[in-house]
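Each value in this text was obtained by applying a stated rule to the coordinates, not by laboratory testing. All figures in this text were calculated on a predicted structure; none of them were measured in a lab. Cβ coordinates were reconstructed from backbone atoms using ideal geometry, including for glycine residues, and neighbour counts include every protein chain displayed.
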Amino acid sequence: MAQRTLSIVKPDAVRKGFTGAILAEIEKAGFRIGAIKKQSISKEQAQGFYQVHAGKPFFDGLTTFMSSGPLVLMVLEKENAIADLRKLMGATNPANAEEGTIRKRFAGSVQENAIHGSDAEDTAAFEIGYWFAGYELI
Ligand code: CMP
């Protein structure tokens, strides 16, 4: 059965005009885009989304960055979607990302790293519910 994961094309990638190329990679890898929306978020919304990282040294910079411009929120569906998307994204730090991954191709730094993907089933459920209402997921 298909699994759902939450993905974000981050503000750095949107600013650089990489949205379409990243979506193409995602679809080419067999994901179905179940829901998608482009919007700007407030710093408070970013803090709520990344609450598991509150207190970490990069938290303030990360939430400022995520609220610095429009981003693209998506619910992606596929068998094994969570692990497969993380593989397609590559390592958090693009310097460590494998050739052919989205972060290797499109990310500029460990913070401005082009794309987010949920890391487990429970976080995926929280993250999808954080950005999407039930009626948007039909
Ligand atoms: P993401 O997968 O969205 O989850 C948490 C984010 O925090 C991560 O991608 C990076 O954008 C950011 N991040 C993680 N580690 C660091 C770090 N050491 N310095 C700056 N930002 C980081």
Of all residues making up the stretch 34-65, the number that are aliphatic (A, V, I, L, M), within 15 Å of the chain's Cα centre (by Cα) and under 18 Å from Asp119 (Cα atoms): 2
In the stretch 119-137, the residues that are within 14 Å of the chain's Cα centre (by Cα) and hydroxyl-bearing (Ser, Thr, Tyr): Thr123, Tyr130
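Among Lys43, Lys56, which is of a type outside the set (S, T, N, Q), closer than 19 Å to Asn93 by Cβ and surrounded by fewer than 19 Cβ atoms within 10 Å (Cβ to Cβ)?
Among Lys43, Lys56, only Lys56 is of a type outside the set (S, T, N, Q), closer than 19 Å to Asn93 by Cβ and surrounded by fewer than 19 Cβ atoms within 10 Å (Cβ to Cβ).
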The stretch 13-33 residues that are without any contact (Cβ under 8 Å) to a residue 40 or more places away in the chain, paired with ones that are aromatic (Phe, Trp, Tyr) (beta carbon under 9 Å, 6 or more apart): none
Close pairs (7 angstrom Cβ cut-off, 6 or more residues apart or separate chains): in contact (Cβ under 8 Å) with a residue 24 or more places away in the chain and under 20 Å from Ser40 (Cβ atoms) in the stretch 52-66, basic (Lys, Arg) and within 9 Å of the ligand (Cβ to nearest atom) anywhere: Met66/Lys10
Condition broken by Val72, with the remaining ones in (1) in contact with a Gly (Cβ under 7 Å, 6 or more places away or on another chain); (2) over 20 Å from Asp122 (Cα atoms) satisfied: (1)
In the stretch 1-40, the residues that are loosely packed, with under 13 Cβ neighbours inside 10 Å and of a type in the set (A, V, I, L, M, F, W, C): Met1, Ala2, Ala24
Subset tally (residues that are under 15 Å from Gly117 (Cα atoms) and of a type in the set (Gly, Ala, Ser)) for the stretch 1-33: 3
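Residues that are touching a residue at least 24 places away in the same chain (Cβ under 8 Å), touching a helix residue (DSSP H, G or I) at 6+ places or on another chain (Cβ under 6 Å) and closer than 28 Å to Met1 by Cβ: does the stretch 90-100 have at least one?
No, the stretch 90-100 has no match at all.
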